[in-house]
C-alpha cells in the first residue's frame, strides 16, 4: 500500500533497530482517510472468506479493525488488555507479553461475542514477535471459532511473528512489510 509506505517514510520515527514509532499515523493520532483506505484494502482481500466478525486487540488495532468491519458490514470485537471489576466473569482470558510495552497483560473477551459459528478476521496494527496474536488465536480456538486470516497493517518481517503464523498454515496479509530499521533507515520488503 504505497500511501502507507509514504506516510511511514515521512512521519514515522525509528526508535531503535527493532522499534518504529507511528504515533502520528496509526497509533495515537489517526488519519481517518488513511484508516478507511486500510479498511477497504483488508475488506477487498478477505471479502470471499465468509467473515462474520473482525477481531482485534485494544487499543491501537481498533481504528483499522473498525474500518475493516465497517467495509464488510459485520461486527467488530476487541480483546481488552486487562480485567476490570465490570468484566463479565464468563470470559476468555489469555496472558501475553507485549513487545512494545515491555510487560505482560491479559487479553479478555466476553464469551458471548465469539461462537463456534464465527469466521474471524484478526486485524492488528503491527506484528513483531506475534505474542498478542498468539493469545488471540488461543481464544479463537477456545471458542471453537475459525480464524480465516490475519490482516496486519505493518509487518516487521525481520522479526518472527508473521512468519510463525504462515508456517502454522494461517493466511497473513500485510499491507506493508519492513525488512529493516538498521542505520536509522526504513527498508521495505517487496
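The values are calculated or read from the model by the stated rules, or taken from the named source; none is laboratory data. All values reported here derive from a predicted model rather than from experimental measurement. Methodologically, a virtual Cβ is constructed for each residue, glycine included, from the backbone with ideal geometry; neighbour enumeration extends over all protein chains shown.
Residue-wise test of (1) closer than 20 Å to residue 145 by Cα; (2) touching a strand residue (DSSP E or B) at 6+ places or on another chain (Cβ under 7 Å).
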{"position": "14", "(1), (2)": "no, yes"}
{"position": "23", "(1), (2)": "no, no"}
{"position": "34", "(1), (2)": "no, no"}
{"position": "48", "(1), (2)": "yes, no"}
{"position": "53", "(1), (2)": "yes, yes"}
{"position": "63", "(1), (2)": "no, no"}
{"position": "73", "(1), (2)": "yes, no"}
Requested in this report: Among the candidates 114, 107, single out the residue that is at pLDDT 90 or above, closer than 30 Å to residue 23 by Cβ and touching a strand residue (DSSP E or B) at 6+ places or on another chain (Cβ under 9 Å).
Outcome: 107
Query - Where residue 45 falls short, out of the listed (1) assigned to a helix (DSSP H, G or I); (2) over 12 Å from the mean Cα position of the chain (by Cα); (3) crowded, with 18+ Cβ neighbours inside 10 Å; (4) touching a residue at least 60 places away in the same chain (Cβ under 8 Å) - result: (3)
